[in-house]
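A short write-up of the structure that comes next.
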Ligand code: ATP
């Protein structure tokens, strides 16, 4: 029987409080650049690195993420982190996804350069690099040396640069790929602050999400 070529699944985690065009456009560009078959946005139920007080309930952030994605056939919203108690550690999410999907899917974990430089503070971080590839959202020329330092000094000294200069390879075969994307200077913090001060958030996020925020009086 001919072997099936693996499919590529992108995993884009975040607090998404709320999701905005910075996240959505980045997801779209990564799907295109890496020929991903599917992209999942994964809202964190209990983000391990954010103070829990005042974070909008998970179900509300999940609903806004679903509204933002709409009927895009390649993109899905996963509630996987809401299905287990306690902090939403990425290692547990990845192990679960790996278990559920089996080996036919290659996993691409998408995160900002700032986030991967902090990875030594994550639970069981060394194990992540045998479970999935990483797509690091990069600004040209910025922080590559720091990334290499963190990978070699904190994760595994045997990381090797890829011949085409796009990233690094772990001895497991998993790669850390740097991907330049359009930089949209939008943050959820900025959106919450605009709402609080009664100003417009139009064109920073999809209208469906803006309508939901207004209707439910979020962030006031
Ligand atoms: P907050 O302002 O509340 O901290 P945020 O807008 O940074 O939120 P998160 O949900 O914390 O959004 O981010 C999830 C992921 O999206 C992170 O990996 C982060 O690096 C990335 N991200 C956030 N904003 C942008 C943006 N404007 N463009 C591309 N990626 C982004």
Highest to lowest packing among 69-81, 203-215, scored as the average C-beta count within 10 Å: 203-215, 69-81
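Given a cut-off of under 8 Å on Cα pairs at least six residues apart, what relative contact order in percent is computed for the stretch 1-96? Could the numbers behind the result be given before it?
Values: 120 pairs, mean separation 30.0, N = 96.
Once normalised by length, the contact order is 31 percent.
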Degrees between helix 58-69 axis and first principal axis of the chain (Cα, 0 to 90, nearest 10): 80
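What do the square roots of 5 times the Cα gyration tensor eigenvalues come to for the stretch 1-57, in whole Å, largest first, as semi-axes of the equivalent ellipsoid?
Details: eigenvalues 179, 42, 9 Å².
One finds semi-axes of 30, 14, 7 Å for the stretch 1-57.
Please compute, over every Cα-Cα pair in the stretch 67-156, the percentage with a separation greater than 20 angstrom. Before the final figure, lay out the partial values.
Working: 1826 of 4005 pairs.
Pairs farther apart than 20 Å: 46 percent.
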Distance in nm between pseudo-label sites at residue 163 and residue 38 (7 Å out along the Cβ direction from Cα): 3.2
Relative contact order computed over the chain (Cα-Cα under 8 Å; 6+ residues apart), in percent: 23
Most fluctuating residue given options 41, 159, 134, as computed from a GNM of the chain linking Cα atoms under 10 Å: 159
Computed helical MRE - 222 nm, the chain, DSSP H runs ≥ 4 contributing -39500 (n - 2.57), nearest 500: -9000 deg cm²/dmol
Rounded to 10°, Cα long-axis angle of helix 21-33 versus longest principal axis of the chain: 30
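Provide the three semi-axes, in whole Å and in decreasing order, of the ellipsoid equivalent to the chain as defined by the square roots of 5 times the Cα gyration tensor eigenvalues.
Details: eigenvalues 177, 75, 62 Å².
Sorted largest first and rounded, they come to 30, 19, 18 Å.
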Directionally averaged shadow of the stretch 178-220, computed from the convex hull of its alpha-carbon atoms, nm²: 3.6
Extension reserve of the residue 146-residue 196 stretch, reckoned as 0.36 nm per residue once the Cα distance is removed: 14.3 nm
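Here, each number is a calculation from the coordinates, and none is a lab measurement. Note that the structure is predicted; figures quoted are calculated from it, not measured. All Cβ positions, glycine included, derive from the backbone under ideal geometry; neighbour counts span all protein chains shown.
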